[in-house]
């Protein structure tokens, strides 16, 4: 059985897009501290969500592929 990893791929792409913004020093210099902190909090939330998806996919894969 093949796992549908499209939701994980979407989560990784969203996290990557935000990470690129957080590495853009020119953009960050134009923002205030509250906005920067909000972006950092969003990055942490993206990571937690993506980590949880990975964990669920690993569990599903093990359950599907375990030997009797």
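Structure notes:
- Just one of the listed residues (21, 60) is touching a helix residue (DSSP H, G or I) at 6+ places or on another chain (Cβ under 7 Å) and assigned to a helix (DSSP H, G or I), namely 21.
Condition check ((1) under 12 Å from the mean Cα position of the chain (by Cα); (2) farther than 23 Å from residue 11 by Cα; (3) loosely packed, with under 10 Cβ neighbours inside 10 Å; (4) touching a residue at least 24 places away in the same chain (Cβ under 8 Å)) across all residues:
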| site | (1), (2), (3), (4) |
| --- | --- |
| 24 | no, no, no, no |
| 30 | no, yes, yes, no |
| 40 | no, no, no, no |
| 43 | yes, no, no, yes |
| 47 | yes, no, no, yes |
| 58 | no, no, no, no |
| 62 | no, no, yes, no |
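- Test: residue 35 is at pLDDT 95 or above, surrounded by 10 or more Cβ atoms within 10 Å (Cβ to Cβ), in a helix (DSSP H, G or I) and in contact with a helix residue (DSSP H, G or I) (Cβ under 7 Å, 6 or more places away or on another chain): no
The values are calculated or read from the model by the stated rules, or taken from the named source; none is laboratory data. Bear in mind that the values here come from a model prediction, so they are computed numbers and not experimental data. Backbone-built Cβ (ideal geometry, glycine too); neighbour counts: all protein chains shown.
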